[in-house]
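To start, the structure itself, in structure tokens.
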Amino acid sequence: MLQSKTITSETPNCHQEVISLDGVSFSYQQQPVITNVSFGVKERDFIGLIGTNGAGKTTLLRMIVGLLRPTQGQIRLFGEPVEKFKHWERIGYVPQKNSLNPLFPAVVREVVLSGLYGRNKLFKKVTKEDHQKCDDALHAMGIEDLSEKRIGLLSGGQQQRVFLARALINNPSLLILDEPTVGIDTETQESFFHMIKHMHQHHSMTFLMVSHDMDMIRSYLGQQPASESGKLKFYIRHSHETQDCVENNLAHSLKGLREQLESGKEVVRIGDRN
Ligand SMILES: Nc1ncnc2c1ncn2[C@@H]1O[C@H](COP(=O)(O)OP(=O)(O)OP(=O)(O)O)[C@@H](O)[C@H]1O
């Protein structure tokens, strides 16, 4: 008789689930938009969300960042139900937008600093440390020289960098981007994606990005979606650490298997479980 202990029972714990959706549905005034979506995003994964116009991509992101409540199902962020989640500084969100009105009454520094205020702290005294964080975020986006410029006067690509700097000022662990390159030229799009990929590879950050740029998605996240739900397609690239973790688990399993074989005990074969 085979032993019941499986060879995976003592494997190391892989990365934390940063986002998890379980049977999530959403309707606007009885009109279903999202139906029964389930998926998980692990630490340092990069997820590309693709879908036709009106497929519900923005709606899904707005539920994930707590701006809309699912009609059904549950969303968890860093293991906590979204309705109880309080650590919004861990999440940077760049919503979909078109260019701002040239008269928009704020300079770049003010827009980036506003990322520190959080949801319930509209008026907060800006400290020296806050200005330093702002300088760091502007530097990361290569736009230090724009800090005193009125945001409405900048190009679409420059504005996107400002909004990304605003999302980065808290040094978030999760960055959610809704069509970040809409309305910007091909060359700027390329340098933008280059920057995003660099951030994914060199910083401990998880990405969820809506995009219509299939070339970028396929070249970075693979040719085929990892999963589909209705009109939504999820492409995924696991982080190097996730790959390492898979490999570590495999090595751990093989070690356990070898030890059991050497000790003469019966072992369970992977295909025999259940
Ligand atoms: N506030 C709202 N009230 C009613 N219907 C809405 C509202 N917001 C969005 N919708 C509808 O929900 C559907 C999904 O919209 P959503 O913006 O999530 O799609 P999307 O996939 O992001 O589209 P796109 O690629 O065009 O940005 C669309 O049919 C849209 O008209």
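The values are calculated or read from the model by the stated rules, or taken from the named source; none is laboratory data. These figures come from a predicted structure and were not determined experimentally. Note that we place each Cβ from the backbone using ideal geometry, even for glycine, and neighbour counts take in every protein chain shown.
General observations
- Filtered residue count, region 58-74, keeping only those that are within 15 Å of the ligand (Cβ to nearest atom) and either among the aliphatic types (A, V, I, L, M) or touching a Ser or Thr at 6+ places or on another chain (Cβ under 9 Å) (or both): 9
- Subset of region 1-21 that is of a type outside the set (S, T, N, Q) and exposed (fewer than 15 other Cβ atoms within 10 Å of the Cβ) - its residue that is modelled with the highest pLDDT: Pro12
- Within region 34-62, considering residues that are of a type in the set (A, V, I, L, M, F, W, C) and more than 20 Å from Val182 (Cβ to Cβ), the one surrounded by the fewest Cβ atoms within 10 Å (Cβ to Cβ): Phe39
- Scanning region 32-45 for residues that are more than 9 Å from the ligand (Cβ to nearest atom) and touching a residue at least 60 places away in the same chain (Cβ under 8 Å) turns up Thr35, Asn36, Val37, Ser38, Phe39, Val41, Lys42, Glu43, Arg44, Asp45.
- Residue in region 65-80 that is touching a Gly at 6+ places or on another chain (Cβ under 9 Å), more than 14 Å from Ile176 (Cβ to Cβ) and at pLDDT below 95 present: no
- Close pairs from region 46-61: first within 16 Å of Leu174 (Cα to Cα), partner part of a strand (DSSP E or B) and near the ligand (Cβ under 6 Å from one of its atoms), Cβ under 9 Å, at least 6 apart: Leu60/Val33
- Residues within region 63-77 that are surrounded by 17 or more Cβ atoms within 10 Å (Cβ to Cβ) and basic (Lys, Arg), tallied: 1
- Taking residues in region 173-185 that are under 19 Å from Leu154 (Cα atoms) and at pLDDT 90 or above, and partners anywhere that are surrounded by fewer than 21 Cβ atoms within 10 Å (Cβ to Cβ) and among the polar types (S, T, N, Q), the pairs with Cβ atoms closer than 8 Å and at least 6 places apart or on different chains are Glu179/Gln96.
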